[in-house]
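Enquirer: The structure that follows is given in the form of structure tokens.
The values are calculated or read from the model by the stated rules, or taken from the named source; none is laboratory data. From a predicted model like this one, the values you see are computed outputs, not experimental measurements. Methodologically, a virtual Cβ is constructed for each residue, glycine included, from the backbone with ideal geometry; neighbour enumeration extends over all protein chains shown.
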Amino acid sequence: MQEFSEIIKAADIEVGGVRPLRSAVRPQEAECPICGGSGYILRPDGRAQLCRCHAERHFQQACRAARLQPALQKMTFERFELANYPGNAQAPDGKGRTYYELAKEACAKMRGCCEKLVVGGAPRGLLLLGQVGSGKTHLAAAAANYLLRRRQKVLFLVVPDFLDELRGAFSGQEDEVRRLQEQAKKVSVLILDDLGSHNFSDWTRSVLFTILNYRMNECLTTIATTNLNFADLQGLLGTRSLSRLLSLCEPCLLACDRDLRLRGLEKV
Ligand SMILES: [Zn+2]
């Protein structure tokens, strides 16, 4: 149970009622049936306690800041269905391991990486490799959700969209674009989803190199997913970026014998 002073601080309220509750100025948040939108509840003993909607509101704000889209907010480690990965067939290039064994290992490694981050470590991230629909985005989003729930700073970038955004920036948006690039360089945890699904130009290659190079030098945890193999990645990103990516991320294969998204088997 938190002291009332802590609750006031967490809710960003000025004592004396000068500043209204955040929720009071956001009508959509005044619908919590438990607290009526105030963000806290008074217990019978007169002490105040944060309502569960307070944590949820914080999580939603954190997701917006991290650019984690609503559809990805449901992808958690708990919802990663190992049953989708056959345990009776060896995965191609899986060095004798089954689809199930690879998926279990990828999930455990991703979770282990997140657990280290939460206790203040800066572990090497993962580069999830696998064909379209093998569950890579699910695991990357699960990492984002896990970390955001634990108040870690994360930026989740869908690489093709990010590069389009940078390239398509019109005059007047330069500051915004520069800010996003700086954020990608410096954020505690950067997640690059779908690396390689883009026609790279010299300029986008150079943007990506700058980000990866900075993060490698600063030992900042980076997670990435790609449909490409190493040879194609090297052709697309260039040797310098690929070597930095591999320094930042441990390669980890995640394969499935079918496209989980097409079959609608991936629980979201
Ligand atoms: Zn509430």
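Enquirer: Among the residues of the stretch 102-157, count how many are of a type outside the set (G, A, S), touching a helix residue (DSSP H, G or I) at 6+ places or on another chain (Cβ under 9 Å) and not in a helix (DSSP H, G or I).
Expert: Residues in the stretch 102-157 being of a type outside the set (G, A, S), touching a helix residue (DSSP H, G or I) at 6+ places or on another chain (Cβ under 9 Å) and not in a helix (DSSP H, G or I): 14 in total.
Enquirer: A further question follows. (1) away from the ligand (no atom under 16 Å from the Cβ); (2) buried (at least 18 other Cβ atoms within 10 Å of the Cβ); (3) not assigned by TED's automatic domain parsing to the domain that holds N145: which one isn't true of C51, the others all being true?
Expert: (1) is the only condition that C51 fails.
Yes/no per residue for (1) in contact with a Gly (Cβ under 7 Å, 6 or more places away or on another chain); (2) assigned by TED's automatic domain parsing to the domain that holds E81; (3) surrounded by 14 or more Cβ atoms within 10 Å (Cβ to Cβ):
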position: E165; (1), (2), (3): no, yes, yes
position: L180; (1), (2), (3): no, yes, yes
position: M216; (1), (2), (3): no, yes, yes
position: T221; (1), (2), (3): yes, yes, yes
position: A231; (1), (2), (3): no, yes, no
position: L236; (1), (2), (3): yes, yes, yes
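Enquirer: Could you list, ordered by first residue, the pairs with Cβ atoms under 8 Å in which the first is in the stretch 200-227 and touching a residue at least 24 places away in the same chain (Cβ under 8 Å) and under 22 Å from M110 (Cα atoms) and the second is among the polar types (S, T, N, Q) and in a strand (DSSP E or B), at least 6 apart or interchain?
Expert: Final answer for the pair search is L212/T222; R215/T222.
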